[in-house]
Number of protein chains: 2
Amino acid sequence: MATDGAGMRTDTLKIALLGCGTVGAEVARRLDAHGPELTARAGAQLELAGIAVRDPSRRRTGLDPALFTADGAALVGRPDVEIVIELIGGIEPARSLLLAAMARGASVVTANKALLATHGPQLYEAAEKHGVDLYFEASVAGAIPLLRPLRESLAGDRIRRMLGIVNGTTNFILTRMDETGADFATALAEATALGYAEADPTADVAGHDAAAKAAILASLAFHTRIRVGDVYREGITAVSADDVASARDMGNVIKMLAICELSADEQAVSVRVHPAMIPRTHPLAGVREAFNAVFVEADAAGQLMFYGRGAGGAPTASAVLGDIVAVARHRVGQGRGVGESAYAQLAIRSIGECVTHYYVHLDVTDKAGVLAQVAAVFAANGVSISTVRQDGHGAEASLVIVTHSATEAALAATVENLRGIDAVREISSVLRVER
Amino acid sequence: MATDGAGMRTDTLKIALLGCGTVGAEVARRLDAHGPELTARAGAQLELAGIAVRDPSRRRTGLDPALFTADGAALVGRPDVEIVIELIGGIEPARSLLLAAMARGASVVTANKALLATHGPQLYEAAEKHGVDLYFEASVAGAIPLLRPLRESLAGDRIRRMLGIVNGTTNFILTRMDETGADFATALAEATALGYAEADPTADVAGHDAAAKAAILASLAFHTRIRVGDVYREGITAVSADDVASARDMGNVIKMLAICELSADEQAVSVRVHPAMIPRTHPLAGVREAFNAVFVEADAAGQLMFYGRGAGGAPTASAVLGDIVAVARHRVGQGRGVGESAYAQLAIRSIGECVTHYYVHLDVTDKAGVLAQVAAVFAANGVSISTVRQDGHGAEASLVIVTHSATEAALAATVENLRGIDAVREISSVLRVER
């Protein structure tokens, strides 16, 4: 490669793009349209050398047909390609192509959360071994600059806890339920009609998508290898219109949260994804519709929040382009960015050991002594009650109990014991309450 | 310096600290307390080589008295010191010490917004010339990771506009006025009593502090050298309890904003600091008390917001430590981070050319034809009216007008002409309304 007298590269830096869906096409278009600006920022001209897709014969508006190829392996293997952008998604062939690219010294950028959440350690190690960059800002919370601040800006701080709204579909559904009083099915139907939910919404509403993102976030924040299988997960399908109304009565709102927490003794982390009540005064409560946000509590920095669009072609392309520029700058400077680290190697706490507050909604027979019986069960399991609200209606009553902090195991035992009380007709809801 | 076989440094990296006030002491304490963690993140052991202060004989709890010196120049000149942290504040001797440090090849970290907003270009050029890092995350919005995302994460995007709450004192005062109905003087007194405002609050309430931060933000976002003198500035001292109440009636809230905007033709930027109304549904409206936040609108990323503590010893120390780790990593890798760039060299638009919406509150004589006269003045100056609200009380009436977008020059001419109407008794308020 040509360099000027000062060792700065004066030539072009070639980029291979794998995948040309919504995000890929947007990245390709912007690389072309913003050429001079990107060159000024990267310190070298960025040239798209090729785009690997399943069907290269398909016309893509505004993109040179000569760029397309069906042979991703050959494109990745080209010795003149220095940066490989993976936007195919899924595990294979994405993983093999990224490993092949890194093995021959190319830097890589990916938005593939599923791949990182399952094979992250293998990829991080490959990047380290071959001395190349592996960047993946777009994999969590789309356009929001989040991973770089976590691993760079907060490098001198200690993260205690992260609460993230990292799935736009579930946030849209819960926002609608909160605003209109709709039940889950109605809100989901609206999300589907508006394009916020996929035809098969399982990955979103069951929390798989959020769990993958939580694994990536927790790995970075706690310098520990955390895979998606380490993440406790509950979806939002069981959240009822009644739960949403109860939350509102209590000055709370229900959000689907990805929670990554350092234990009090700093020896373990817990990572969980589930619906939870948070106070309406919490900064996350105002994150509405399909927006994402991650709230961070750090030792020195205190409370931080990062807010923005978590999905969509242009927002995701913004994050990918930011990574491309960063990686290009490193290659121009013959350096390398900060790699992943797992030096802390903290233990991963099981869900039973997690400590939080709980909201328990019981339907009981309205007769003397029921509250005493219920309260005794909580006490026997060491779960301290913070507030109780009893509403009678005829022969029945509803009992809403919010606890002080307790372990999940203690709460589970409490719920199990409550089922054994005759006067408890139904445990209609159990939700976590985060502060 | 020692290196292992792979060229990685295995020894320590020496740091000089200039200034040991609240932030400096916190940085020194954390460098000591979090040694192993910082070493793992930086890739080298970080050692505090000395602390320059005015009075080295003063005891500082938890810090080795042998570290202290009154001779900042000698400390900065030590050939074994590779990173210099400037936390003295003010222009001199901070500027000379930073220039001396960079000239002999040390990298520097500073939190000095006043220095950057006035002599930034000279410092950026020195860093470039000597091939060292100049990092200053703590200079704007304290702990919030903001500058690094702007110059790195969004490097592949184009920022259109930034609206920032970057001064905690004024945000605290305006939050109190909004919540309690207090007037400015009462809210300021409370801020002073609680330590949120200094004995002489001028730098905060007149907008000097916010203007310096706006200059730094705009320089980064628009790749153009912008100094504090280029920033239009109005303080919050004229904001009345009536204005706050009117804003509330309109579903708005008044915030002190730093606004950095790219013109529609992308040839110019405007940078201004003043109180403005924003809708209560805007994410910035929920930023309360002394918190800071910066709302960013970018081409591809869309809307982003960064939220957190803008001041305080520990939060500011978090940002400084993040910079120290970044700079240390670059030295370990024998590289250098992204420098500042001014390649865009955009023109700076005068306040008269700025375009926004306005709220105009008039006290008028309540007689026939006044509204027609007033409306004619707006029309004659090409300022289109969006909403009018007239409230009569006896012989007088108040007229609240909100305009469509118009230039500041057109609005100023309108106000000037309104003063010439006999029936206009007083123009009690003119405020900008941001969308």
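Annotations for the structure displayed:
- In the set (1) crowded, with 24+ Cβ neighbours inside 10 Å; (2) in contact (Cβ under 8 Å) with a residue 24 or more places away in the chain; (3) within 13 Å of chain B (Cβ to nearest Cβ), A:Arg160 fails one condition alone, (1).
- Residue that is basic (Lys, Arg) and within 14 Å of another protein chain (Cβ to nearest Cβ), where the choices are B:Arg280, B:Arg227, B:Arg248, B:Arg233: B:Arg280
- Scan of the range A:31-45 for residues that are within 26 Å of A:Ala100 (Cα to Cα) and open to solvent by less than 20 Å² (accessible area, probe 1.4 Å), ordered by number: A:Leu31, A:Ala42, A:Ala44
- Among the residues making up the range B:319-343, a single one is more than 8 Å from every other protein chain (Cβ to nearest Cβ), open to solvent by 30 Å² or more (accessible area, probe 1.4 Å) and in a loop (DSSP other than H, G, I, E, B): B:Glu340.
- Residues of the range B:111-128 satisfying the condition of being closer than 17 Å to B:Ile83 by Cα and open to solvent by 40 Å² or more (accessible area, probe 1.4 Å): B:Glu128
- Exclusive hit being open to solvent by 60 Å² or more (accessible area, probe 1.4 Å), more than 19 Å from B:Asn112 (Cα to Cα) and at pLDDT below 95, set B:Tyr196, B:Tyr232: B:Tyr196
- Residues of the range B:291-305 that turn out to be open to solvent by less than 20 Å² (accessible area, probe 1.4 Å), under 13 Å from the mean Cα position of the chain (by Cα), farther than 14 Å from A:Phe291 by Cβ and hydrophobic (A, V, I, L, M, F, W, C), as a count: 2
- Residues that are open to solvent by 10 Å² or more (accessible area, probe 1.4 Å), at pLDDT 95 or above, out of contact with any strand residue (DSSP E or B) (no Cβ under 8 Å at 6 or more places or on another chain) and not in a loop (DSSP other than H, G, I, E, B) are absent from the range A:145-154.
- All strands (runs of 3 or more DSSP E) inside the range B:234-302 with 3 or more residues being of a type in the set (Val, Ile, Thr) and under 19 Å from B:Ser350 (Cβ atoms): B:268-279
- Being open to solvent by less than 60 Å² (accessible area, probe 1.4 Å) and over 28 Å from A:Ala212 (Cα atoms) is a property that A:Ala49 has.
- For the range B:249-261, a residue qualifies if it is at pLDDT 95 or above, more than 13 Å from B:Leu431 (Cα to Cα) and not acidic (Asp, Glu), and the qualifying residues are B:Ala258, B:Ile259, B:Cys260.
- Members of the range A:283-305 found to be more than 9 Å from chain B (Cβ to nearest Cβ), touching a helix residue (DSSP H, G or I) at 6+ places or on another chain (Cβ under 8 Å) and hydrophobic (A, V, I, L, M, F, W, C), listed by number: A:Ala290, A:Val294
- Yes/no for B:Tyr359 being within 14 Å of chain A (Cβ to nearest Cβ) and of a type in the set (Ser, Thr, Tyr): no
- Scanning the range A:109-165 for residues that are of a type outside the set (Gly, Ala, Ser) and more than 19 Å from the chain's Cα centre (by Cα) gives A:Gln122, A:Glu125, A:Glu128, A:Lys129, A:His130, A:Val132, A:Asp133, A:Asp157, A:Arg158.
- Note on the range A:344-356: residues that are part of a loop (DSSP other than H, G, I, E, B) and either facing chain B (nearest Cβ under 8 Å) or open to solvent by 10 Å² or more (accessible area, probe 1.4 Å) (or both) total 5.
- Positions within the range B:306-318 being in contact with a strand residue (DSSP E or B) (Cβ under 9 Å, 6 or more places away or on another chain) and within 8 Å of another protein chain (Cβ to nearest Cβ), in sequence order: B:Phe306, B:Tyr307, B:Gly308, B:Arg309, B:Gly312, B:Ala314, B:Pro315, B:Ser318
- If the condition is being surrounded by fewer than 14 Cβ atoms within 10 Å (Cβ to Cβ) and outside any strand (DSSP E or B), then the range A:357-404 contributes A:Lys367, A:Ala368, A:Gly369, A:Ala372, A:Ala376, A:Ala379, A:Ala380, A:Gly382, A:Ser384, A:Gly394, A:Ala395, A:His404.
- Just one of the numbered conditions (1) in a helix (DSSP H, G or I); (2) over 17 Å from the mean Cα position of the chain (by Cα) is not true of B:Pro315: (2).
- Flag: A:Pro279 does not match the condition of being modelled with pLDDT of 95 or more, in contact with a Gly (Cβ under 9 Å, 6 or more places away or on another chain) and surrounded by fewer than 24 Cβ atoms within 10 Å (Cβ to Cβ).
- Selection status of A:Ala221, open to solvent by less than 20 Å² (accessible area, probe 1.4 Å), part of a helix (DSSP H, G or I) and more than 23 Å from A:Arg309 (Cα to Cα): no
- Matching residues in the range A:190-215 - criterion: being closer than 24 Å to A:Arg272 by Cβ, outside any loop (DSSP other than H, G, I, E, B) and of a type in the set (A, V, I, L, M, F, W, C): A:Ala191, A:Ala203, A:Val205, A:Ala210, A:Ala211, A:Ala212, A:Ala214, A:Ala215
- Among the conditions (1) among the charged types (D, E, K, R); (2) within 14 Å of another protein chain (Cβ to nearest Cβ); (3) under 26 Å from B:Ala314 (Cβ atoms); (4) out of contact with any helix residue (DSSP H, G or I) (no Cβ under 7 Å at 6 or more places or on another chain), the only one that B:Arg148 does not satisfy is (4).
- Residues (in contact with an Asp or Glu (Cβ under 8 Å, 6 or more places away or on another chain) and outside any strand (DSSP E or B)) located in the range A:405-435: A:Glu408, A:Ala409
- Selection of the range A:151-173 for residues being within 28 Å of A:Thr202 (Cβ to Cβ) and of a type in the set (Ser, Thr, Tyr) yields A:Thr169, A:Thr170.
For every residue, the table says whether it meets (1) small (Gly, Ala, Ser); (2) within 24 Å of B:Ala247 (Cβ to Cβ); (3) part of a helix (DSSP H, G or I); (4) touching a helix residue (DSSP H, G or I) at 6+ places or on another chain (Cβ under 8 Å).
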site	(1), (2), (3), (4)
B:Ala138	yes, no, yes, yes
B:Gly142	yes, no, no, yes
B:Met162	no, yes, no, yes
B:Thr170	no, yes, yes, yes
B:Thr175	no, yes, yes, no
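The values are calculated or read from the model by the stated rules, or taken from the named source; none is laboratory data. Everything numeric here is computed off the predicted structure, so don't read it as measured data. Don't worry about glycine lacking a Cβ; one is built from the backbone with ideal geometry, like all the others, and counts go over all protein chains shown. Accessible surface is based on the protein model in full, side chains and every heavy atom, while ligands, DNA and RNA are left aside. Shrake-Rupley method; radii C 1.70, N 1.55, O 1.52, S 1.80 Å.
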